[in-house]
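The values are calculated or read from the model by the stated rules, or taken from the named source; none is laboratory data. Bear in mind the structure is a predicted one, so any value in this text is a computation, not a measurement. Note: ideal-geometry Cβ built from the backbone for every residue, glycine included; neighbour counts use all protein chains shown.
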Amino acid sequence: MRILARHGARIADGQEASRKTWTFETTTPEGMKFEIRCAGPDLPDAIPAETVFPADIPKDPDWQGRYRLSVAPPLVSLDISWNPGEPLRIMYFSRGDWEAQLMQLAR
């Protein structure tokens, strides 16, 4: 969130007038595209610390998050979604060198 707050560009989402997307794109020192996106009504200050137990996610197939954050260096390696006051849902996560690169970008 720190990266998006400092360097992200805000664009209107064509689906809903109240939904916006913040995006930040850069290139890693190795020459790979690195993109961070957050969609929602605003750019939140933080994400929930608590997470939904992974086995509980399929139990509510109609659930929709108000916020969605993804990190793609260049393929999506992190995709999370949440509603205010609720635990976040990890939709996809894959460990890799991108984690260290993300920490460097946040500094």
(request) Taking residue 10 as the residue in question, decide whether it is of a type in the set (D, E, K, R), surrounded by fewer than 17 Cβ atoms within 10 Å (Cβ to Cβ) and in contact with a Lys or Arg (Cβ under 8 Å, 6 or more places away or on another chain). (result) yes
(message) I'd like the full set of residues that are in contact (Cβ under 8 Å) with a residue 24 or more places away in the chain and acidic (Asp, Glu), limited to the range 58-96.
(response) 86
(request) Return the total of residues in the range 58-76 being more than 21 Å from residue 19 (Cα to Cα) and surrounded by 19 or more Cβ atoms within 10 Å (Cβ to Cβ). (result) 1
(request) Please enumerate the residues belonging to the range 63-82 that are within 20 Å of residue 5 (Cβ to Cβ) and not in a strand (DSSP E or B). (result) 65, 66, 73
(request) Search the range 67-84 for residues being of a type outside the set (A, V, I, L, M) and touching a Ser or Thr at 6+ places or on another chain (Cβ under 8 Å), and hand back the single one that is farthest from residue 36 (Cα to Cα). (result) 67
(message) Among the residues of the range 7-19, are any under 22 Å from residue 92 (Cα atoms), aliphatic (A, V, I, L, M) and touching a strand residue (DSSP E or B) at 6+ places or on another chain (Cβ under 8 Å)?
(response) no
(request) Name, by its number, the condition in (1) over 22 Å from residue 42 (Cα atoms); (2) at pLDDT 95 or above; (3) among the aromatic types (Phe, Trp, Tyr) that does not hold for residue 98. (result) (2)
(message) Taking the conditions exactly as written (charged (D, E, K, R) and modelled with pLDDT of 90 or more), does residue 107 satisfy them or not?
(response) no
(request) Could you please tell me which pairs satisfy a Cβ distance under 7 Å, a separation of 6+ or placement on different chains, a first residue in the range 21-44 that is surrounded by fewer than 16 Cβ atoms within 10 Å (Cβ to Cβ), and a second residue that is assigned to a loop (DSSP other than H, G, I, E, B) and of a type outside the set (Ser, Thr, Tyr)? (result) 28/73; 32/73; 32/74; 33/74; 41/19; 41/66
(request) Answer with yes or no whether residue 39 is of a type in the set (Gly, Ala, Ser), in a loop (DSSP other than H, G, I, E, B) and closer than 13 Å to residue 4 by Cβ. (result) no
